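Below: one structure, written as structure tokens.
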Amino acid sequence: MADVDVDVDAVVDEVQTWLAEHWDPERPLVRWRSLLADSGWGCPSWPTEWYGRGLHPSLNGAIAACFARAGAVGTAAGTAMTLVAPTVLAHGSDELKARLLRPMITGEHKWCQLFSEPGNGSDLAGLTTGAVRDGDEWVVNGQKVWNTGAHHAQWGMLLARTDFDVPKHRGISFFCLPMEQPGVEVRPLRQMNFHSSFNEVFLGDARVAHSNLVGEVGGGWAVAMTTLMHERGLAGNRVPDFSRADAGRTVREAKSEAEEYFRTYVWYPQRAGRPDLVQPHARRVGRNTDPVLRQRMASVHAFAEASRWTALRAQAARAAGRPPGPEGSLGKLSSSITARACNAVHTQLAGAHGMLAGTDPAADPVIAEVLISTPGQSIAGGTDEIQHNIMGERVLGLPKEPSLDNDIPFREVRRN
């Protein structure tokens, strides 16, 4: 990685010159992103040998601003670029990087996460999906759940147990699993807010090449921690702003791609509690002068601002080139607290009407969706209890939570 004291103006001049020479708003999107991969300007902080320019991450914002001024689009949005690529860059073999990174940049490959299972809850290391070596391949059997986007993913980040005779954290391996094969069945889950963002995935003799192993056999836990740190450090899914972009073929295709991807997350603002709707909601029902409710609304505002500042600190740390750390857990906890506070105030304001949805004249479908979506904020990406453990152990230096199954062979661990 280049030194942080690089000449920003020189980098800006260079990228502006490159864009002036190469940006064509009528070029097919995949061809445009292939140019980004070849030039390194799509992922400027990645290593030069892996489709980057080796620049310091603090320059990413200035480079993105150049793209915005030119009306040009960047790399594909989604799990591939935010979670998979950083994990593969950190732990993958050179052969794996050469094979998988480029289609992530161009958006040709969509990815999903195959971590959680029905029987292990927040104890991710208790997973039981097994992978058995068969020559140059591994045969996988088991079940995964809460897999966002699995129904249209070509690839999955898979955690599977490759050794049942060692302690649970040491018997897990991390694979890049082709999803479009016999033995992989994806079933959408219908949520109580009527969306279907998640899936359950059944793996029956599915196969994955040994060359698709990320890291070492049995070393998957450390690889997964890289993925989870990036997941918890995300400030949220934001739809790209195409308002200043050229209205050509490239932008039309990028906009269509982004709309399809973010359709999965359309209810996520409601999951976060919608603090922006608390005061309008109070005015609409005529309770904005209630002194008790005003105090609780002020608390919501304070929580929301603290959560926003925590997210900004995490973004600043990433921009400065620091890897994601426990601040991601702090931000996750802050978001959960805000969501619960919003839920409580919206419930008080709506009363029994909060149970109404659909076409009922007294219904407010957005508020109803908030009330049944916010519990997910404290579960997704690691429960609040898990985040408390991370903060206690890694920030405060407290002893690890007592456990009876960390030092015995997983085969002997009691499971339901």
- Query: For the stretch 298-416, which whole-number percentage of the solvent-accessible area (1.4 Å probe, protein heavy atoms only) is attributable to carbon and sulfur atoms?
  - Reply: 61 percent
- Query: Of P323, P399, T383, whose Cα points farthest to the positive end of the dipole of the stretch 313-416 (charges on the beta-carbon: +1 Lys, Arg; -1 Asp, Glu; origin at the Cα centre)?
  - Reply: P323
- Message: On a full-extension model of 0.36 nm per residue, what is the gain between R69 and L356, subtracting their alpha-carbon distance, rounded to one decimal in nm?
- Response: 98.8 nm
- About its Cα centre, how strong a charge dipole does the chain have in debye, to the nearest 20, once Lys and Arg get +1 and Asp and Glu get -1 at the Cβ? 1260 debye
- Lys/Arg Cβ at +1, Asp/Glu Cβ at -1, dipole of the chain taken about the Cα centre: which of G358, G78, S336 is farthest positive-ward? G358
- Distances over 14 Å make up what percent of all Cα-Cα pairs in the stretch 361-407? 67 percent
- Item | Solvent-accessible area per residue, Å², over the chain with all protein chains present [probe radius 1.4 Å] | 49 Å²
- Query: With Cβ to Cβ distances under 13 Å as the rule, what net charge do the other residues near W138 carry (K, R +1; D, E -1)?
  - Reply: -2
- Spatial separation of Cα centroids for the stretch 149-196 and the stretch 44-84, in angstrom: 28 Å
- Message: Can you compute the charge dipole magnitude of the stretch 280-416 about its Cα centre, using +1 on each Lys and Arg Cβ and -1 on each Asp and Glu Cβ, nothing else charged? Give it in debye, rounded to the nearest 20.
- Response: 380 debye
- Message: When only alpha-carbon atoms are used, what values of Rg and Dmax, in angstrom, describe the chain?
- Response: 22.9, 71
- Message: So if each residue of separation counts as 0.36 nm, and I subtract the Cα-Cα distance between R294 and V217, what length gain in nm does that give?
- Response: 22.1 nm
- Debye sum, Cα scatterers, the stretch 1-107, no solvent: what log₁₀ I/I(0) at q = 0.16, 0.19, 0.20 1/Å? -0.70, -0.98, -1.07
- Task: Treating each Cα of the stretch 51-195 as an identical point scatterer and ignoring solvent, apply the Debye formula and state log10 I(q)/I(0) at q = 0.10, 0.11, 0.12 Å⁻¹.
- Result: -0.44, -0.53, -0.62
- On the accessible surface of the stretch 119-219, probed at 1.4 Å with all protein chains in place, carbon and sulfur together account for a percent value of 52 percent
- To one decimal place, what Kirkwood hydrodynamic radius in Å is obtained for the stretch 294-416 from all pairs of distinct Cα atoms? 17.3 Å
- Can you give the charge dipole size of the stretch 124-204 about its Cα centre, rounded to the nearest 20 debye, using +1 on the beta carbon of Lys and Arg and -1 on the beta carbon of Asp and Glu? 360 debye
- Item | Simple label model, 7 Å out from Cα along Cβ direction - R170 to A363, nm | 5.6 nm
- Task: Under a cut-off of 21 Å between alpha-carbon atoms, report the lysines in cross-link reach of K110, not counting same-chain residues fewer than 8 places apart.
- Result: K97, K144, K255
- Note on the structure: Summing -39500 (n - 2.57) over every DSSP H run of at least 4 in the chain, dividing by its residue total and rounding to the nearest 500, the 222 nm mean residue ellipticity is -12500 deg cm²/dmol
- Message: Please report the net charge: other residues with Cβ closer than 13 Å to the Cβ of R53, K and R +1, D and E -1.
- Response: -3
- Query: Any idea what the relative contact order of the stretch 11-109 is, in percent, if you count C-alpha pairs under 8 Å spaced at least 6 apart?
  - Reply: 29 percent
- Selection from P178, Q270, A311 lying farthest towards where the dipole of the chain points positive, charges on Cβ: Q270
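The values are calculated or read from the model by the stated rules, or taken from the named source; none is laboratory data. Just so you know, these numbers come straight off a predicted model, no measurement behind them. Note that we place each Cβ from the backbone using ideal geometry, even for glycine, and neighbour counts take in every protein chain shown. Surface areas here come from the heavy atoms of the whole protein model, side chains and all, with no ligands, DNA or RNA. Shrake-Rupley method; radii C 1.70, N 1.55, O 1.52, S 1.80 Å.
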